Amino acid sequence: MRTILTEQARCQRWQFLSLKMLLASLLLAWLLFSETNKALSQTKNNFGLNLVKTTCLDCHSGANSEGELDLSVILQHRPLVENLTVWRNIAQRIQLGDMPPPDEVVLEAAEKQKFENWFQASIEHFDYNSVTQPGYTPPRRLTHSEYRHTIRDLIGVDLADTAKFPQDLSGNSGFKNSANTLFLQVSLFEKYSQSAEAIMATVFAENASPLMELAKAQILKPGETHKNTKDRATAVLTAFSRRAFRRPATTEEISGLQQIFLDEFSNSQQFEPAIQKTLTAVLVMPQFLLKIESTPKGSSPERINEFDLASRLSYFLWASMPDEELFQLAEQGSLSDHQILQSQIDRMLKNRRAKTLGYIFGGQWLGFEDVGIRRRQDPIDNPWCTESLMTAMRAESALFLHSLIRNDRPLSELINARYTFLNEELANHYRIRGITGETMRKVNLKTQLRGGILTQASVLSITAFPDRTSPVVRGHWVLDTILGTPPPEPPPNVSEISEEVLERNDLSFREKVQQHSNNINCSSCHQEMDPIGFSLENYDNFGRYRTRQFGMKIDARGELPDGTQFEGSQQLKNILVSQRLPDLTRQVTEKMLTYALGRQLEYYDEQTIRTIVKKTTESDYRFQTLIKNVINSQPFLYRKLPKEASDEY
């Protein structure tokens, strides 16, 4: 009996030891597999970087990099999405076989797929939630439009003449309020000085008009209760500088202005000439000419203060300084309260000054501000093309966009609205009857030939050549400007349609364009652009509708790469609204955020863009939802000092 028990115990012990050894073996195998898998994963995760390092750096590194693409610098940047456009271009070139050059390295299909997998995982699907960076906009001068509007609201009269100022340039953002172009050159400062002297001389002129007398009275009003000359001047300067600097002036700033006044007063012994000189000095101070925000105290994102918020709001929605209501809310410390902020946005969008969103934001985004400036017809050969017509063309597009915003219409109406803004001259240009007078007014459209931004004369003229239309330019404009999905840059040495082809009378204009587009180097892009442009061919190079060209009936049919067929502007608009509304929403979001921030967007703004797009989509694509979410976004309400910024900022 004991023997049997002993044998059973021995068997159980061996079973336990065997199980223990098996578990140990499994654990070891798992560890080995895990390490191997980790190594393989690491290799997989670094495949794209390794490929670029081994096959691209010979040609694309150092001072003599081909195509001015120095990948040795790009590879040092983290996260990689910091150079998203570059990486997308690299991925596209690799898939097309352009990179690396076939005569040096030939990538197999499997290697291309591995690179694409790496690109999608590491770059296209980067977790933007891991980035907390509101961005930083350095001090920058007022644009000429902002300067003119600020003078108007500060003085009470539109007195600033910026016609002789050096032209404002558009930055990479596409807008003239971009900080990277708004420098204060010596030549411009001289113009500011001349402008300031002329403005104050007009206000304080002896035989001033009643309007100027009223403006002067408003400026001097804060000092009326003071008999002491210095106290009177101090009251005037304190009130004026508060509005000019868009914040209360510091003790040091007031002391400096007092000294200027006292020096001038000691010479003239007259109050008004002395205060005039001092106020002239205010208009050339950096605190007035530049938008300077308070300096962040630490290295973490910080919410902007109340006065900076007031200025950001007013220059975004009005392209001008804050009004008294915004100043008072900022002084009370209540403007940043969420409910108050929303009510102020509503109030400001109803104000007439919000038309700048149509004229400035819209004019620069859509390009119609160039009508009559860079885009015009010779008035000798085209007596119908008057300055008043071109002014009406710009106004139609600006008032149309402003009405969409003011009335909180869906973004889709930018494309397919059934109304526009006309006066008699522009209505005649469109062959629309029953409109009389010079005043622009809203008109409900009965014709399908007009409606939405695509069929407005301003857009149709800036997307054409001076002497003819261009389906290519119009198609590219829709893809790039409206949808934010531009085709790739054309390959080198690709020209426009040759003169030889243009002069052929046996070909319709469409056939001439197609002959050019069928070039093997061009077809992939043109099959996306040309159908859109052809559908707008019924509109000539200044937006007039026509059915024939050179004696031939115009063919306005188009077929997209996916096989979608359509004809004419109305069917094009239907396709854009039904199929491309998400692209339009993202594009308007990016453009509005760029304009509001006054800087080019960076990779760390991506999560903000996605959030705004999502909320706008959920609200039936309403314009005001988009604008309010831009204002409530982290980049608009916060700032962070970059490491390379100097201490003076």
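The values are calculated or read from the model by the stated rules, or taken from the named source; none is laboratory data. Everything quoted here is computed from the prediction, not taken from an experiment. Reconstructed Cβ throughout: ideal geometry from the backbone, glycine too, with neighbour counts over all protein chains shown.
Going by the structure shown, is residue 394 touching a residue at least 40 places away in the same chain (Cβ under 8 Å), among the charged types (D, E, K, R), surrounded by fewer than 18 Cβ atoms within 10 Å (Cβ to Cβ) and within 15 Å of residue 543 (Cβ to Cβ)? Show your work before the answer.
Values: touching a residue at least 40 places away in the same chain (Cβ under 8 Å): yes; among the charged types (D, E, K, R): yes; surrounded by fewer than 18 Cβ atoms within 10 Å (Cβ to Cβ): no; within 15 Å of residue 543 (Cβ to Cβ): yes.
So residue 394 fails the test.
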message = Please return the ranges of helices (runs of 4 or more DSSP H) entirely within the stretch 370-481 where 2 or more residues are closer than 15 Å to residue 544 by Cβ.
response = 387-406, 424-429, 457-462
message = Looking for something hydrophobic (A, V, I, L, M, F, W, C), assigned to a helix (DSSP H, G or I) and out of contact with any Lys or Arg (no Cβ under 8 Å at 6 or more places or on another chain) - is there at least one such residue anywhere in the stretch 92-105?
response = yes
query = So which residues in the stretch 219-229 are in a helix (DSSP H, G or I) and out of contact with any Ser or Thr (no Cβ under 9 Å at 6 or more places or on another chain), if there are any at all?
reply = 219, 220, 221, 229
task = Could you list all residues from the stretch 242-255 that are assigned to a helix (DSSP H, G or I) and either buried (at least 17 other Cβ atoms within 10 Å of the Cβ) or touching a residue at least 24 places away in the same chain (Cβ under 8 Å) (or both)?
result = 242, 243, 244, 253
query = For the subset of the stretch 342-389 comprising residues that are under 25 Å from residue 478 (Cα atoms) and of a type in the set (Ser, Thr, Tyr), which member is surrounded by the fewest Cβ atoms within 10 Å (Cβ to Cβ)?
reply = 359
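Got a sec? Which of 168, 158 is closer than 30 Å to residue 244 by Cα, acidic (Asp, Glu) and crowded, with 19+ Cβ neighbours inside 10 Å? Please lay out each step first, then the result.
Details: 158 fails: crowded, with 19+ Cβ neighbours inside 10 Å.
Step by step, each of 168, 158 is checked, and only 168 is closer than 30 Å to residue 244 by Cα, acidic (Asp, Glu) and crowded, with 19+ Cβ neighbours inside 10 Å.
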ask   = Is there any pair linking a residue in the stretch 594-618 that is in a helix (DSSP H, G or I) to one that is at pLDDT below 95 and among the charged types (D, E, K, R), with Cβ under 8 Å and at least six apart or on different chains, and which?
value = 603/82
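Here are some residues: 122, 145. Which one is part of a helix (DSSP H, G or I), assigned by TED's automatic domain parsing to the domain that holds residue 93 and within 27 Å of the chain's Cα centre (by Cα)? Let's see the steps before the verdict.
Working: 145 fails: assigned by TED's automatic domain parsing to the domain that holds residue 93.
Going through 122, 145 in turn, just one is part of a helix (DSSP H, G or I), assigned by TED's automatic domain parsing to the domain that holds residue 93 and within 27 Å of the chain's Cα centre (by Cα): 122.
I want to confirm something. Restricting to the stretch 294-335 and keeping residues that are acidic (Asp, Glu) and at pLDDT 95 or above, which single residue is farthest from residue 362 (Cα to Cα)? Quick ask: steps written out before the conclusion?
At the first step, the residues of the stretch 294-335 found to be acidic (Asp, Glu) are 302, 306, 308, 323-325, 331.
Then drop every residue that is not at pLDDT 95 or above, which leaves 306, 308, 323-325, 331.
Numbers: 306: 28, 308: 24, 323: 23, 324: 27, 325: 27, 331: 32 Å.
In this case the residue turns out to be 331.
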task = State which residue is surrounded by the most Cβ atoms within 10 Å (Cβ to Cβ) when the search covers only the stretch 536-551 and only residues that are more than 32 Å from the chain's Cα centre (by Cα) and modelled with pLDDT of 90 or more.
result = 546
query = Across the stretch 426-472, what is the number of residues that are surrounded by fewer than 16 Cβ atoms within 10 Å (Cβ to Cβ) and of a type in the set (Val, Ile, Thr)?
reply = 3
note = Within the stretch 606-638, residues being closer than 19 Å to residue 416 by Cβ and of a type in the set (Phe, Trp, Tyr) number 2
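What tally of residues in the stretch 590-610 results from selecting those that are under 19 Å from residue 345 (Cβ atoms) and touching a helix residue (DSSP H, G or I) at 6+ places or on another chain (Cβ under 7 Å)? Talk me through it step by step, then tell me what you get.
Taking the stretch 590-610 and keeping what is under 19 Å from residue 345 (Cβ atoms), we get 591-598, 608.
Remaining after also requiring touching a helix residue (DSSP H, G or I) at 6+ places or on another chain (Cβ under 7 Å): 591-593, 595-598, 608.
Matching residues across the stretch 590-610 total 8.
Going through 215, 196, 235 one at a time, which residue ends up being among the aliphatic types (A, V, I, L, M), modelled with pLDDT of 95 or more and more than 40 Å from the chain's Cα centre (by Cα)?
The unique qualifying residue is 235.
Consider residue 232 carefully, then state whether it is part of a loop (DSSP other than H, G, I, E, B), in contact with a helix residue (DSSP H, G or I) (Cβ under 8 Å, 6 or more places away or on another chain) and touching a residue at least 12 places away in the same chain (Cβ under 8 Å).
Values: part of a loop (DSSP other than H, G, I, E, B): no; in contact with a helix residue (DSSP H, G or I) (Cβ under 8 Å, 6 or more places away or on another chain): yes; touching a residue at least 12 places away in the same chain (Cβ under 8 Å): yes.
No.
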task = Could you please find all residues in the stretch 290-337 being among the small types (Gly, Ala, Ser), buried (at least 17 other Cβ atoms within 10 Å of the Cβ) and part of a loop (DSSP other than H, G, I, E, B)?
result = 319, 320
ask   = Counting only residues that are crowded, with 22+ Cβ neighbours inside 10 Å and farther than 20 Å from residue 124 by Cβ, how many does the stretch 597-611 have?
value = 3
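Can you tell which of 327, 316 is in contact with a helix residue (DSSP H, G or I) (Cβ under 8 Å, 6 or more places away or on another chain), of a type in the set (Phe, Trp, Tyr) and under 17 Å from residue 627 (Cβ atoms)? Outline the logic, then answer.
Values: 327 fails: under 17 Å from residue 627 (Cβ atoms).
Residue meeting the stated conditions: 316.
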ask   = What do you reckon, is residue 204 in the same structural domain as residue 270 (by TED's automatic domain parsing) and either among the hydroxyl-bearing types (Ser, Thr, Tyr) or crowded, with 19+ Cβ neighbours inside 10 Å (or both)?
value = yes
query = Does the stretch 50-62 contain any residue that is in contact with a Gly (Cβ under 8 Å, 6 or more places away or on another chain) and over 30 Å from residue 301 (Cβ atoms)?
reply = yes
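Here is a list: 403, 397. Which entry is in contact with a strand residue (DSSP E or B) (Cβ under 8 Å, 6 or more places away or on another chain) and at negative phi? Please lay out each step first, then the result.
Values: 397 fails: in contact with a strand residue (DSSP E or B) (Cβ under 8 Å, 6 or more places away or on another chain).
One residue alone meets the criteria, 403.
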task = Could you identify the single residue in 239, 217 that is of a type in the set (A, V, I, L, M), free of Cβ contacts under 8 Å to residues at least 24 places away in the same chain and either out of contact with any helix residue (DSSP H, G or I) (no Cβ under 6 Å at 6 or more places or on another chain) or not assigned by TED's automatic domain parsing to the domain that holds residue 273 (or both)?
result = 217
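Within the stretch 350-363, identify whether any single residue is of a type in the set (Ser, Thr, Tyr) and in contact (Cβ under 8 Å) with a residue 60 or more places away in the chain, and answer yes or no.
Taking every residue of the stretch 350-363 in turn, at least one turns out to be of a type in the set (Ser, Thr, Tyr) and in contact (Cβ under 8 Å) with a residue 60 or more places away in the chain.
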task = Could you give me the residue pairs with C-beta distances under 6 Å whose first residue belongs to the stretch 135-153 and is over 25 Å from residue 603 (Cα atoms), whose second residue is among the hydroxyl-bearing types (Ser, Thr, Tyr) wherever it lies, and which are 6+ apart or on separate chains?
result = 144/162; 148/162; 149/320; 150/320; 153/320
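Here is a yes/no grid of residues against (1) in contact with a Leu (Cβ under 6 Å, 6 or more places away or on another chain); (2) at pLDDT below 95; (3) β-branched (Val, Ile, Thr):
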residue	(1), (2), (3)
443	yes, no, yes
449	no, no, no
461	no, no, no
468	no, yes, no
478	no, no, yes
481	no, no, yes
504	no, yes, no
